[in-house]
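Here is the structure we will look at, set down as C-alpha cells.
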Amino acid sequence: MNKKYIFIFCSLIVAVIILILQNIQANRLPLINNLKEYSFIQTERQPGRNPNKYTIIATGDVILARSVNSRVVRLNNFNYPFEKTVNILKSADAVFVNLESPLIPNCQTTDEGMKFCGDLRNARGLIYGGVSVASIANNHMGNYGLDGINSTTNLLKKNKISVTGHGQPAILTIRDKKFGFLGYNSIGAKEPGIAWAEISQIQSDIYNLKKQVNFVIVAFHWGFEYTSVPSSKQKELAHAAVDAGADLIIGNHPHWVQSVEQYRGKHITYSHGNFIFDQMWSNETREGVIGKYTFNSEGLINIQFIPVVIDDYSQPRPATAAESEKILSRMKQSSRQIDPQANP
C-alpha cells in the first residue's frame, strides 16, 4: 500500500473515531434544549421499562405535618396526598423525596405552628406513592429531637424505604446498576442525627461512595425561602459536590421552583418547589415540579420536569397546560439569571 492510500485510510479512521466520540458525548449530556419540552404530563404508568435505562424521580418538599396530617387523619386516608400523582411516581424505577417532618407516635393534630410532626400511618402514603429513598436532612426533621429522628428512620426502614441524610448513604440497585444517594442540610443550626452541609465532609462522602456505586446523587436542603434564584452558597455547595464526582444534584427548601444549571457536564436542579405541603397562600408555594431523571450506562441522558399544583392544602395534581407553561417559564427565566445563554 503506497503512502497516498495509507494517508486516506488513516484519515477515514480518525473521522470515524471523531464521530463516535461526538455521539457518546451527545448521549451523555442531558437533553435540555427547550423548557417547553418539559411540560410533560403522564397519566398512566408506562407498560414496561427499557432495561438499558434507569429513571429516578425527585419531588419537591414532602411535609406530612400540619394541615396535610390533619386531613389524612380526618379522612383516615393516608394515600390521599399521592392519589393524583401516583401514576407519575410509579413510572420511574425509584422515587426520592425530601421528608421534612418526623413521623412519631401521638403526633398532635393541628393546622398551625412551625413544630412539625406526622402520624406514623403516613408511612402508608409513602409506600403507596412508591417512595424508594427519603432524605431526612432538613431543618424540621429534628423538631422532636433524636427520638423523632429515630422513630422516623426506623419506620421508614421497616417499610423498606431507604434513608439518607443522617450521615450514611442510601444505596439502591436498579437492575445491573447501583445508585448512591446522599442528603445534607444547610438551614438553621447543626443538629445531632442530621447530616450538615460541610464541603470537606461532602466531598469525602462522595469520594467514598463512588467506590461502591455507579452513580452518585446528592440532595441538598438549602437556599432562601420564597426565592427563584439560588444563593451563592447553594452554587458553592453544588459545584463542590460535582467537583468531587457527583452525577446529579437535586435541591429543596425554598418552597418555590428555582433555576437549573449545567456545571462541568452535570445537572443541578436547585429547587423542585413544593410537592406535598399546606402552603395554599400563594401560587408559587402551591407549585412544584416532579423531576424525572433518566440515566443510561454512561450517565444522565434525559430530564423531564412535570409541573404540579397543590389543592386542598395537601394534594398535588398534574398542572394544566396553562399552569405548566407558567411554572416552566419561571424556571427558564431564573435559569437565565445564572447563565444568560441558558435555555433549560
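Please work out which residue is modelled with the lowest pLDDT, limiting yourself to the stretch 210-264 and to residues that are more than 19 Å from Asn98 (Cβ to Cβ) and of a type in the set (A, V, I, L, M).
The residue in question is Val229.
Being aliphatic (A, V, I, L, M) and either in a strand (DSSP E or B) or farther than 22 Å from Tyr226 by Cβ (or both) is the requirement here; does Ile306 meet it?
yes
So, of the residues in the stretch 168-185 that are within 18 Å of the chain's Cα centre (by Cα) and in a loop (DSSP other than H, G, I, E, B), which turns out to be surrounded by the fewest Cβ atoms within 10 Å (Cβ to Cβ)?
Gln168
Residues of the stretch 309-344 being crowded, with 22+ Cβ neighbours inside 10 Å and either part of a helix (DSSP H, G or I) or at pLDDT below 95 (or both), which ones?
Ser324, Ile327, Leu328, Met331, Ser334, Ser335, Pro344
Filter the stretch 119-135 down to residues that are more than 16 Å from Pro105 (Cα to Cα) and touching a strand residue (DSSP E or B) at 6+ places or on another chain (Cβ under 6 Å) and give me whichever is surrounded by the most Cβ atoms within 10 Å (Cβ to Cβ).
Of everything passing the filter in the stretch 119-135, Ser135 is surrounded by the most Cβ atoms within 10 Å (Cβ to Cβ).
On the given criteria, is Ile57 assigned to a strand (DSSP E or B), of a type outside the set (Ser, Thr, Tyr) and either surrounded by 19 or more Cβ atoms within 10 Å (Cβ to Cβ) or in contact (Cβ under 8 Å) with a residue 40 or more places away in the chain (or both)?
yes
Can you tell me which residue is modelled with the lowest pLDDT among those in the stretch 34-57 that are hydrophobic (A, V, I, L, M, F, W, C) and within 16 Å of Met331 (Cα to Cα)?
Phe40
So Leu155 passes all but one of these: (1) crowded, with 18+ Cβ neighbours inside 10 Å; (2) assigned to a strand (DSSP E or B). Which condition number does it fail?
Exception for Leu155: condition (2).
Residue under question is Ile217, and the condition is that it be surrounded by 19 or more Cβ atoms within 10 Å (Cβ to Cβ), outside any helix (DSSP H, G or I) and touching an Asp or Glu at 6+ places or on another chain (Cβ under 8 Å); does it hold?
Judged against the criteria, Ile217 is a match.
Just give me the residues in the stretch 220-241 being surrounded by fewer than 19 Cβ atoms within 10 Å (Cβ to Cβ) and more than 15 Å from Glu261 (Cα to Cα), in sequence order.
The answer is Phe224, Glu225, Tyr226, Thr227.
Among the residues of the stretch 242-289 satisfying the criterion of being part of a strand (DSSP E or B) and small (Gly, Ala, Ser), which is surrounded by the fewest Cβ atoms within 10 Å (Cβ to Cβ)?
Gly251
So Leu209 passes all but one of these: (1) crowded, with 19+ Cβ neighbours inside 10 Å; (2) in a loop (DSSP other than H, G, I, E, B). Which condition number does it fail?
(2)
Name the single residue that is surrounded by the most Cβ atoms within 10 Å (Cβ to Cβ) among those in the stretch 73-109 being touching a Phe, Trp or Tyr at 6+ places or on another chain (Cβ under 9 Å) and part of a helix (DSSP H, G or I).
Ranking the candidates gives Pro81 first.
Quick check on Ile202: is it part of a helix (DSSP H, G or I), buried (at least 21 other Cβ atoms within 10 Å of the Cβ) and out of contact with any Pro (no Cβ under 9 Å at 6 or more places or on another chain)? Show your work before the answer.
Numbers: part of a helix (DSSP H, G or I): yes; buried (at least 21 other Cβ atoms within 10 Å of the Cβ): yes; out of contact with any Pro (no Cβ under 9 Å at 6 or more places or on another chain): yes.
Answer is yes for this residue.
When the stretch 290-303 is examined, which residues are found to be in a strand (DSSP E or B), in contact with a helix residue (DSSP H, G or I) (Cβ under 8 Å, 6 or more places away or on another chain) and over 23 Å from Thr227 (Cα atoms)?
Hits for the stretch 290-303 are Leu300, Ile301.
Table: residues versus (1) touching a residue at least 12 places away in the same chain (Cβ under 8 Å); (2) in a loop (DSSP other than H, G, I, E, B); (3) not small (Gly, Ala, Ser).
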site: Gly142; (1), (2), (3): yes, yes, no
site: Gly148; (1), (2), (3): yes, no, no
site: Ile187; (1), (2), (3): yes, yes, yes
site: Lys190; (1), (2), (3): no, yes, yes
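The values are calculated or read from the model by the stated rules, or taken from the named source; none is laboratory data. Worth saying up front: this structure is predicted, and the values here are computed from it rather than measured. Note that we place each Cβ from the backbone using ideal geometry, even for glycine, and neighbour counts take in every protein chain shown.
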